[in-house]
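> This structure is in structure tokens; I'll ask about it shortly.
The values are calculated or read from the model by the stated rules, or taken from the named source; none is laboratory data. For clarity, every value in this text was computed on a predicted model and none was experimentally measured. Backbone-built Cβ (ideal geometry, glycine too); neighbour counts: all protein chains shown. Calculation scope for accessible area: heavy atoms of the full protein, side chains included, ligands and nucleic acids excluded. Shrake-Rupley method; radii C 1.70, N 1.55, O 1.52, S 1.80 Å.
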Amino acid sequence: MEIERHEYDVVVIGAGGAGLRAAIEARQQGKRTAIVCKSLFGKAHTVMAEGGAAAAMGNVNSDDNWQVHFRDTMRGGKFLNNWRMAELHAKESPDRVWELEAWGALFDRTKDGKISQRNFGGHEYPRLAHVGDRTGLELIRTLQQRVVALQQEDHENHGDYEAYIKVFAECTVTRLLKDAGSVHGPHGRISGAFGYWRETGNFIVFDTPAVVLATGGIGKSYVVTSNSWEYTGDGHALALLAGANLINMEFIQFHPTGMVWPPSVRGILVTESVRGDGGVLRNSDGKRFMFDYIPDVFKDKYATTEEEGDRWYTDQANNRRPPELLPRDEVARAINSEVKAGRGSPQGGVFLDVSTRLPAEEIKRRLPSMHHQFKELADVDITAEPMQVGPTCHYIMGGVEVDADTGAAAVPGLFAAGEVSGGMHGSNRLGGNSLSDLLVFGRRAGLGAAEYVNALDARPAVHEESVEAAHAEALAPLERTGENPYEVHHELQRTMNDLVGIIRKAEEVAEAMEVVEKLKERVQLVGAAGSRIYNPGWHLALDLRNMLLVSECVARAALLREESRGGHTRDDFPGMNPEWRRKLLVCSTADGSSVTVEEKVQPSMRKDLFDLFDRDELKKYLTDEELGNAK
Ligand code: FAD
């Protein structure tokens with residue numbers, strides 16, 4: 001068994017915004033840091049983020065501040081959010097955006113030269129710092145530039161660019177290693193990570209006392225998704241298998257506007273900025289149907305006539321925002337209902353029209369990527385005709401349960417940040433809150449990991465039997481001539497899409513769980529033809545373990561939560577239930593293959609944070625007992 005080995009203080013798995021920001025922090029704290037990523041360096045979901053990073057800088061509307069951002073985030077998450085995370089996020093996002101600017105990010109500007117901020121669903125004021133509709137690209141470019149700057153500094157001081165920070169690209173981690181216990185389970189501390197190079201299939205072990213997971217989402221468990229191939233829930237599964245808990249896994253964000261046509265691009269994202277910049281949703285009767293779908297909790301915040309909604313774009317002080325800018329879960333459900341009622345577009349979506357709302361040149365200037373995307377992929381000119389759009393699996397609110405301040409998971413030495421962590425967004429994430437989440441909690445997790453390492457007396461040693469077990473597990477699909485992994489994957493995707501999708505019913509979710517159980521048996525027999533050298537069938541066979549574990553978490557939690565809230569809609573329990581609001585569903589695995597879900601009560605929000613809300617509003621979310629305690 002010949003395995004390449006490296007020793008680091010901190011290993012960050014994932015090179016999106018959260019991973020890069022964590023790695024920069026760990027390196028700035030003097031730690032020898034590795035960044036490992038499954039695909040090319042620079043290719044992560046963060047790059048695809050279009051709309052912007054939400055931060056209450058108050059540049060466009062000086063009434064904005066962290067308290068308003070905190071309130072919007074809690075409302076968006078239907079109060080299920082980890083309030084401490086929402087507080088830290090609202091307070092620290094502006095500093096993280098300014099820091100990016102100091103590191104070279106070129107944000108769009110207001111007329112008076114400040115960082116421009118745009119409107120987005122659920123945000124009371126224009127709040128998203130952006131670079132056209134390519135904000136994620138600029139964020140990653142800037143963070144990569146910062147990594148290079150640190151490497152140049154290291155070259156000057158140590159004669160080696162990679163002395164303190166090194167990137168391992170196209171390298172997939174399949175197991176976290178610990179200093180005690182079996183391959184999985186609750187015992188022991190993190191001591192390393194095991195993975196393989198995608199190109200050669202050769203194996204690699206990182207000896208490290210601290211791992212920061214920043215692996216992003218799980219979208220590839222669904223057929224219609226905005227996510228790309230890497231997003232197979234690896235970090236979620238790695239954490240679970242190492243003995244950490246996942247929370248809020250039932251909450252999946254179906255973005256209201258994915259492309260629906262042509263079939264080859266179904267699910268690709270149409271940014272919310274189209275609506276933020278004036279685009280409207282219409283059904284096949286030409287009706288702006290969102291006015292029929294304003295829920296009671298938002299009634300006083302949204303325009304009830306088209307005229308008022310339209311006036312808001314130019315006069316926000318005296319008008320309420322149009323309902324096209326309701327939080328994503330509301331808009332996605334409304335589109336779903338219109339299509340089901342037979343008022344959809346020819347290809348099974350609804351119409352999103354910006355062509356009659358803005359001059360062609362303005363559309364090209366504000367939404368260059370969208371203009372290009374529709375022209376190239378669907379032969380649609382969005383300056384002249386409407387787009388057809390429908391819900392697409394986009395983001396998971398659930399993830400690794402972490403300490404809000406440090407990003408530490410339950411396993412000593414394990415940290416998580418970004419989409420792979422849970423809690424910050426509650427039951428539904430507001431657009432733009434992810435990019436700022438990555439920066440705030442990426443930094444905190446990097447710092448948490450560095451401080452953890454500082455406090456260690458001695459480095460935990462890698463348990464060599466675990467390395468052998470991880471090695472055997474990785475090789476297994478190559479040693480079988482069993483079932484095709486693509487068939488198992490497709491069945492999982494269809495099952496999750498059809499039975500644990502945007503609207504859920506107990507019997508359908510239960511049926512999905514039965515299918516997942518059968519797929520878990522079939523995956524043991526999956527074989528990958530060919531060698532270890534660049535073999536995508538083998539890679540998928542390994543990813544399937546993760547997708548199945550994560551799908552089981554989603555389905556089990558979805559069955560247990562008997563209410564509708566944010567990204568979890570139960571047809572058989574249509575209302576929000578305050579009794580369920582404080583309950584978190586916590587997933588764990590004892591044997592590495594089956595998932596257990598337990599209920600946990602979330603701690604009450606701090607009094608000063610309660611006081612930021614109107615009591616009448618709180619009545620919509622809290623039980624009488626909680627309201628009494630909040631006095
Ligand atoms: P990612 O950026 O997803 O990076 C994950 C990293 O982990 C990658 O480098 C990947 O290769 C690596 N990885 C995964 N598994 C492994 C493994 N096993 N081993 C090694 N490496 C691994 N949010 C906003 O706030 N504003 C927006 O405008 C916005 N637009 C979006 C548009 C699209 C099309 C999409 C898909 C998402 C958008 N989001 C937006 C959401 C946001 O981009 C993501 O939630 C966020 O970028 C996730 O960042 P991250 O750092 O957690 O992970």
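> When only Cα pairs under 8 Å and 6 or more residues apart are kept, what is the percent relative contact order across the chain?
Relative contact order here is 20 percent.
> In addition: Taking Cα centroids, how far is segment 165-242 from segment 546-565 in Å?
21 Å
> First measure r as the distance between the Cβ atoms of GLN144 and SER62, then evaluate 1/(1 + (r/R0)^6) with R0 = 35 Å and state the FRET efficiency to the nearest 0.05.
Working: r = 33 Å, r/R0 = 0.95.
Approximately 0.60, to the nearest 0.05.
> Which cross-chain or sequence-distant (5 or more) residues have an amide H under 5 Å from the amide H of ILE165, H modelled 1.01 Å from N in plane?
Those qualifying (amide H under 5 Å, at least 5 residues apart or on another chain) are THR33.
> Also, quick follow-up: Relative to the longest principal axis of the C-alpha atoms of the chain, give the angle of the C-alpha long axis of helix 536-560, reported between 0 and 90° and rounded to the nearest 10°.
Helix 536-560 and the main axis of the chain meet at about 60 degrees.
> How much area per residue is accessible in the chain when the probe is 1.4 Å and only protein heavy atoms are counted (Å²)?
36 Å²
> Each label point is 7 Å from the Cα along the Cα-to-Cβ direction; what then is the distance between the points at GLU598 and GLU101, in nm?
About 4.7 nm, to one decimal.
> With the Cα gyration tensor of segment 458-506 giving a ≥ b ≥ c as the square roots of its eigenvalues, does the rule (a/c under 1.5 for rounded; else a/b larger than b/c for prolate; else oblate) give rounded, prolate or oblate?
Oblate.
> Let me ask something else about it. Any idea what angle helix 368-378 forms with the longest principal axis of the chain, computed on alpha-carbon atoms, 0 to 90 degrees, nearest 10?
Taking the Cα atoms of the chain, the angle to 368-378 is about 80 degrees.
> Continuing with the same structure: So how compact is segment 204-273: Cα radius of gyration and Dmax in angstrom?
Here Rg and the maximum Cα pair distance are 15.4, 47 Å.
> Here's something else I'd like to know. With θ taken as phi - 60° and the coefficients 6.51, -1.76 and 1.60, list the Karplus ³J(HN,Hα) couplings across segment 205-210 in order, rounded to whole Hz; mark glycine and proline as x.
Per residue, the Karplus-derived 3J(HN,Hα) values read 10, 9, 8, 7, x, 9 Hz.
> Check the cysteines of the chain one by one and keep only those with no other cysteine Cβ under 4.7 Å from their own.
CYS37, CYS171, CYS393 - these cysteines have no disulfide-compatible partner (Cβ-Cβ under 4.7 Å) in the chain.
> Let me ask something additional. For segment 326-392 and segment 266-293, what is the separation of their C-alpha centers, rounded to whole Å?
For segment 326-392 versus segment 266-293, the Cα centre distance is 6 Å.
> With a 1.4 Å probe and all protein chains kept in place, how much accessible area does ARG27 have, in Å² rounded to the nearest 10?
Per-residue accessible area (ARG27): approximately 20 Å².
> Only Cα pairs under 8 Å and at least 6 apart count here; give the relative contact order of segment 162-268 as a rounded whole percent.
Relative contact order comes out at 20 percent.
> Restricting to Cα atoms and excluding each atom paired with itself, what does the Kirkwood estimate give for segment 234-341 in Å?
Numbers: mean 1/r = 0.0623 Å⁻¹.
Averaging 1/r across every pair of different Cα atoms and inverting gives 16.1 Å.
> Take every Cα pair under 8 Å in segment 531-631 that's 6+ residues apart, average their separations, divide by the length, and report that relative contact order as a whole percent. Write out the running numbers ahead of the final one.
Working: 75 pairs, mean separation 20.2, N = 101.
Computed over segment 531-631, the figure is 20 percent.
> What nm value, rounded to one decimal, do you get for the distance between ASP296 and THR314 when each label is placed 7 Å out toward the C-beta?
Modelled inter-label distance: 3.7 nm.
> Another question, if that's okay. Take THR172, THR200 and sort them by solvent-accessible surface of the protein heavy atoms, 1.4 Å probe, largest at the top.
Final ranking, largest accessible area leading: THR200, THR172.
> Estimate the FRET efficiency between ASN629 and ALA506 by the formula 1/(1 + (r/R0)^6), using the beta-carbon distance for r and 30 Å for R0, to the nearest 0.05.
E between ASN629 and ALA506, to the nearest 0.05, is 0.40.
> Please list, in chain and number order, the residues 5+ apart from ARG570 or on another chain whose amide H is under 5 Å from its amide H, with Hs placed from the backbone.
ARG504, SER564, ARG565
> Right, next: Might you work out the accessible area of TYR486 for me, using a 1.4 Å probe with all protein chains in place, and round it to the nearest 10 Å²?
120 Å²
> Give me the three principal axis extents of segment 561-601 from the C-alpha atoms, as integers in angstrom, largest value leading.
35, 22, 14
> Let me ask something additional. Quick one: how many Å² of MET48 are accessible to a 1.4 Å probe, rounded to 10?
90 Å²
> Label ASP379 and THR200 with points 7 Å out from Cα along Cα→Cβ: what is the distance between them in nm?
Label-label distance for ASP379 and THR200, simple model: 4.6 nm.
> On to the next question. Can you give the Rg to Rh ratio of the chain, both from alpha-carbon atoms, with Rh computed by the Kirkwood formula?
Reported Rg/Rh, Kirkwood definition of Rh: 0.95.
> Efficiency by 1/(1 + (r/R0)^6): what FRET value for GLU361 and TYR534, r their Cβ-Cβ distance, R0 = 41 Å, to the nearest 0.05?
Result of the calculation: an efficiency of 0.35.
> Assign one of three labels to segment 1-144, namely rounded, prolate or oblate, based on the Cα gyration tensor with a ≥ b ≥ c the square roots of its eigenvalues; rounded applies when a/c is under 1.5, prolate when it is not and a/b is larger than b/c, and oblate otherwise.
Verdict is prolate for segment 1-144.
> Amide H of GLY258: which non-local residues (sequence gap of 5 or more, or other chain) have their own amide H closer than 5 Å, using H built in the peptide plane?
Sorted by chain and number, the residues that satisfy this are VAL270, GLY390, THR392.
> Heavy atoms only, 1.4 Å probe, whole protein assembly: order ARG570, ARG443 by accessible area, highest first. Intermediate results must be reported in sequence, preceding the final value.
On the way: ARG570 5, ARG443 55 Å².
Ranking ARG570, ARG443 by accessible area, largest first, yields ARG443, ARG570.
> Leaving out ligands, DNA and RNA, what percent of the accessible area of segment 260-412 is carbon and sulfur, probe 1.4 Å?
It is 49 percent, rounded to a whole number.
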